[in-house]
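Asks: Have a look at this one.
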């Protein structure tokens with residue numbers, strides 16, 4: 001066990017680094033910071049996130065608002081951000097998408113359309129699995145799925161009811177049962193098979209066919225009424241939120257509204273880009289999603305922390321310090337292809353979505369970009385090069401701790417804070433040294 005942990009320690013540190021990176025401005029040195037920690041005289045410590053506004057230098061076009069996101073924060077922060085962002089004409093937001101969700105280029109080849117349709121059907125099967133896990137039954141059809149699924153899932157389903165050729169996907173359910181004897185002269189019907197299938201008729205829009213004209217079908221597992229579905233494992237970010245007694249962004253914010261646009265990469269393309277650069281970060285992504293033994297180990301520690309209000313508060317303060325101090329580091333450039341793809345590659349995608357909005361909807365007044373603050377410096381540089389100039393800064397309180405309520409002397413709080421902060425900084429330094437070897 002010792003060797004196994006030692007061999008994988010760089011991966012664990014790497015995960016924590018990526019978690020910090022997705023919520024903090026690690027490469028913001030070229031511009032003013034997008035986060036800051038303030039220590040007030042009354043004993044409160046707070047992390048604040050910046051909303052920076054840019055206006056077109058010639059006065060023509062919408063204002064662009066870079067709104068710093070953080071994936072774990074106090075609930076009040078997400079309530080304030082929801083109100084702010086809902087007031088913009090368009091919100092371009094962060095969130096790695098599942099394969100099959102993006103709009104499919106109508107000009108692509110039939111072969112590529114067939115693969116894109118397979119990805120979409122696989123996504124729908126995954127959604128049907130989630131539907132069973134939350135409701136105890138499979139959906140009857142698209143209407144049932146949209147009506148009874150989580151609102152954000154329902155919004156997703158509305159946009160993926162057609163195949164890559166623009167033809168409606170078909171749904172079908174299969175249920176078989178048998179009569180079993182309970183007692184003498186007493187019988188009951190027992191379901192033996194229960195599935196849902198999603199089907200595309202292929203390029204020719206006709207049943208059967210070969211090659212690109214062949215039907216594409218994906219069928220769910222058979223779920224019986226007696227089955228008990230296990231909930232999906234909680235990712236590290238959710239566990240961190242619980243340990244620090246804060247909220248998780250995905251649980252608090254509604255991105256299903258019509259003015260919200262997911263301006264991010266999909267998971268399949270992300271993995272392809274990582275592989276193309278020689279990166280093998282499958283384990284990293286699995287850890288973030290909560291699917292490895294390392295995550296379970298970290299989860300045990302976080303569960304211990306969450307049981308102590310004092311440890312929880314200390315961890316919250318240290319996380320604030322780390323998020324703010326990360327601005328002067330170069331960690332994302334030190335962790336190889338993951339840093340380049342996750343940061344710079346996704347920035348390019350945001351700018352593509354932004355240019356599309358500026359071209360197709362020039363009469364908008366306000367466009368918001370709600371992304372992890374690590375991305376903001378690079379986005380700001382590009383926006384300034386597009387004929388925009390700085391207009392204003394506003395700050396929102398993301399996390400706050402009142403050290404007077406921790407039940408620990410102030411000197412001890414500062415000592416613990418310093419020790420944990422130094423430990424994290426040493427871990428970052430060790431990570432960078434390991435990348436140089």
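Asks: Can you sort 145, 111 by how many other beta carbons sit within 10 Å, fewest first?
Replies: Ranked by crowding around the Cβ, least crowded first: 111, 145.
Asks: Sticking with this one: Please work out the C-alpha center-to-center distance from segment 35-74 to segment 341-378 and express it in whole Å.
Replies: Taking the Cα centre of each part, segment 35-74 and segment 341-378 sit 16 Å apart.
Asks: Next up: In whole Å and largest first, what semi-axes does the C-alpha gyration tensor of segment 110-219 yield when each eigenvalue is scaled by 5 and square-rooted?
Replies: Whole-Å semi-axes of the equivalent ellipsoid: 32, 19, 9.
Asks: If the chain between residue 135 and residue 276 were fully stretched, how many nm would it gain, using 0.36 nm times the residue separation less the Cα-Cα distance?
Replies: Extra length available between residue 135 and residue 276 comes to 46.8 nm.
Asks: According to a simple spin-label model (label point 7 Å from Cα along Cα-to-Cβ), what is the distance in nm between residue 405 and residue 143?
Replies: About 5.0 nm separates the two model spin labels.
Asks: Below 8 Å, C-alpha to C-alpha, sequence gap of six or more: please give me the relative contact order for segment 110-219 in percent.
Replies: Contact order relative to length: 26 percent.
Asks: Please give the contour-minus-distance gain from residue 190 to residue 250: 0.36 nm per residue of separation, less the Cα-Cα distance, rounded to one decimal in nm.
Replies: 17.7 nm
Asks: Just subtract the alpha-carbon distance of residue 32 and residue 158 from 0.36 nm times their residue separation and send over the number in nm, one decimal.
Replies: 41.3 nm is the gain from fully extending residue 32 to residue 158.
Asks: Can you put 178, 171 in order, fewest other beta carbons within 10 Å first?
Replies: Fewest-to-most ranking of 178, 171: 178, 171.
Asks: Further question: With a point put 7 Å past each Cα toward its Cβ, work out how far residue 419 is from residue 390 in nm, to one decimal.
Replies: Going from the residue 419 label point to the residue 390 one covers 4.0 nm.
Asks: Order of 65, 71, 375 from fewest to most other C-beta atoms within 10 Å?
Replies: Ranking 65, 71, 375 by Cβ neighbours within 10 Å, fewest first, gives 71, 65, 375.
Asks: Each label point is 7 Å from the Cα along the Cα-to-Cβ direction; what then is the distance between the points at residue 176 and residue 80, in nm?
Replies: In this crude spin-label approximation the distance works out to 5.9 nm.
All of the numbers you see were taken from the coordinates with simple rules; none came from a lab. Quick caveat, the model's predicted, so the values are computed rather than measured. Because the Cβ atoms are built from the backbone with ideal geometry, glycine has one as well, and the counts that use them run over all protein chains shown.
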